[in-house]
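Single-structure report; data block below.
Derivation of every value follows stated rules applied to the coordinates shown; laboratory data play no part. Keep in mind that this is a model prediction, so the values were computed, not measured. Reconstructed Cβ throughout: ideal geometry from the backbone, glycine too, with neighbour counts over all protein chains shown.
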Amino acid sequence: MARVHRIAVIAGDGIGPDVTREAQQVAEMAVEADSAVLEWSDFPWGTDHYFAQGTMAPPDFLETLAPFEAILLGAVGHPKVQDHVTLNGLLLPIRRRFDQYICLRPSYLYEGVASPLAGKLPGSIDLLVFRENTEGEYVDVGGRVYRGFPEETALQTAVFTRRGCERIIRAAFEVAQSRPRRRVSSITKSNAQGYGMVLWDECFARVAAEYPAISTESLLIDRAVMEFVRRPESFDVVVASNLFGDILTDLGAIVVGSMGLAASGNIDPTRRGPSMFEPVHGSAPDIVGKGIANPLAAILSAAMMLDHLQLPRGAEAIRRAVAATLRAGRVRTPDLGGTSSTREVGAAVLAELSSSIRR
Ligand code: ATP
């Protein structure tokens, strides 16, 4: 009998619902390869909920999500709502409550996609960023005094713990072991952040010593952004703090062609609670309602979800179908230089998928 996996869907705002719809259809077909079934539950949370009720989600939203195996998220955000409200009202509580301490974000240069960098061959850029996802600069600790006065002052605290640093660094090394190049790069700014990021560097050195077969480098963030452009091929597994990982992965996404291809997973590898899968991009207010959002980032995020659900054939089938669609190049959205719609790209991936898994 087919195994049923229960998935919470937060399609969210802007282009979120459009790209999530395509991802769901593709995932549904792909899991046939593993004789599994996905059972979706939709939660209409996001900025519409905020406009109606003053919060991004009902007060008990974390308890509601707890029993699910995974969460598939589209995007949250609205030009009229400050980003810190949408982040702190929904995404960050989910990442923290379910201890999704790994934010995994791959960047791969597919055949048929042009990098904005000259002369890059398909597959030559193939990097995996492990972004720390529960602490660092995103802890929402701080305060403001003298609001509205000239003396107005804000304090923003970053939190680095030995446990938090070591576990994300160890996760990066574990995965690097199974990749051909076996290399881990750690990115900090420990010359200027002499407490938290020096602790990070010490943790990196300690964990690296447990993996002598893996080569390492430590770069400051300013150098790393330069090298992401100058020699992106040299990066294999990259591990960075919450803020630096976020910035580096937008750069990684554009270096391999488009924000519309960048997938991510917020993962608790211990599986105590649901992990969450979402495209790196946001609600893309500039293209909302036009039906031209690239659904491939959401579709590739669904593939990462299937990996997490231990449905490897389906996950691999999705990646092959996406690669084939991009290679053929007939159907692509405007961010990749084409004229196709979100739905047409979704349909092209489904067609590739159906010919590979229903042969
Ligand atoms: P948010 O505040 O929700 O993060 P944003 O506008 O700051 O929104 P993104 O939504 O990530 O950030 O959009 C950045 C740019 O990339 C925009 O020009 C957007 O149109 C483009 N973009 C993002 N996602 C896609 C996509 N799936 N397909 C095509 N273009 C996209």
**Asked** How much length, in nm to one decimal, is gained on full extension between F51 and R97, taken as 0.36 nm per residue of separation minus their Cα-Cα distance?
**Response** 14.1 nm
**Request:** Describe numerically, in nm with one decimal, the distance between label points set 7 Å from Cα along Cα→Cβ at S41 and at S354.
**Result:** 3.1 nm
**Protection proxy ranking of 148-161, 62-75, 100-113 - average other beta-carbon atoms within 10 Å, highest first** = 100-113, 62-75, 148-161
**Request:** Choose one of P67, P106, I168: the residue whose Cα lies farthest towards the positive end of the charge dipole of segment 44-174 (beta-carbon charges +1 Lys, Arg; -1 Asp, Glu; about the Cα centre).
**Result:** I168
**Request:** Could you tell me which Cys residues in the chain have no other cysteine's Cβ under 4.7 Å from their own Cβ, answering none if every one has a partner?
**Result:** C103
**Prompt:** Going by the alpha-carbon gyration tensor, a ≥ b ≥ c the square roots of its eigenvalues, is segment 177-222 rounded (a/c under 1.5) or, if a/c is not under 1.5, prolate (a/b greater than b/c) versus oblate?
**Reply:** oblate
**Prompt:** D for the chain, whole µm²/s, Stokes-Einstein with Kirkwood Rh over alpha-carbon pairs at 25 °C and 0.890 mPa s: what number?
**Reply:** 117 µm²/s
**Prompt:** Which of the peptides 133-144, 233-244 is most tightly packed, and how do the rest follow, going by the mean number of other Cβ atoms within 10 Å of each residue?
**Reply:** 233-244, 133-144
**Asked** At a Förster distance of 51 Å, what's the computed FRET efficiency of A192 paired with A66, Cβ-Cβ distance as r, to 0.05?
**Response** 0.85
**Message:** Just the number: Rg to Rh for segment 60-115, Cα atoms, Kirkwood Rh, two decimals.
**Reply:** 1.09
**Item:** Dimensionless Rg ratio for segment 13-171, taking C-alpha atoms and the 2.2 N^0.38 Å reference
**Value:** 1.30
**Message:** Counting just the Cα atoms, what span does segment 92-245 cover along each of its three principal axes? Round to the nearest Å and put the largest first.
**Reply:** 55, 37, 32
**Complete:** Note: Y146 to A213 extended length (0.36 nm per residue) minus current alpha-carbon separation gives 18.7 nm
**Prompt:** For segment 139-185 and segment 45-60, what is the separation of their C-alpha centers, rounded to whole Å?
**Reply:** 27 Å
**Message:** I'd like the Kirkwood hydrodynamic radius of segment 172-283, using the inverse of the mean 1/r over distinct C-alpha pairs, in Å.
**Reply:** 15.2 Å
**Request:** Mind ranking 331-339, 175-183 by how tightly packed they are, going by the mean number of other C-beta atoms within 10 angstrom, highest first?
**Result:** 331-339, 175-183
**Complete:** So the FRET efficiency between R182 and A205, C-beta based with R0 = 22 Å and rounded to 0.05, is 0.80
**Request:** First check a/c for segment 238-359, with a ≥ b ≥ c the square roots of the eigenvalues of its C-alpha gyration tensor; if it is under 1.5, answer rounded, and if not, answer prolate when a/b is larger than b/c or oblate otherwise.
**Result:** oblate
**Item:** Choice from V255, V345, V81 with maximal GNM fluctuation in the chain (Cα, 10 Å cutoff)
**Value:** V81
**Asked** Taking Cα centroids, how far is segment 297-329 from segment 98-123 in Å?
**Response** 14 Å
**Fill in**
Restricted to the chain, the DSSP antiparallel beta bridge percent, nearest 5, is 40 percent
**Counted charge near R6, where neighbours are those whose Cβ lies closer than 14 Å (Asp, Glu -1; Lys, Arg +1)** = -2
**Request:** Calculate, axis by axis, the spread of Cα positions in segment 213-269 along the three principal axes, and write the results as whole Å, longest axis first.
**Result:** 30, 29, 22
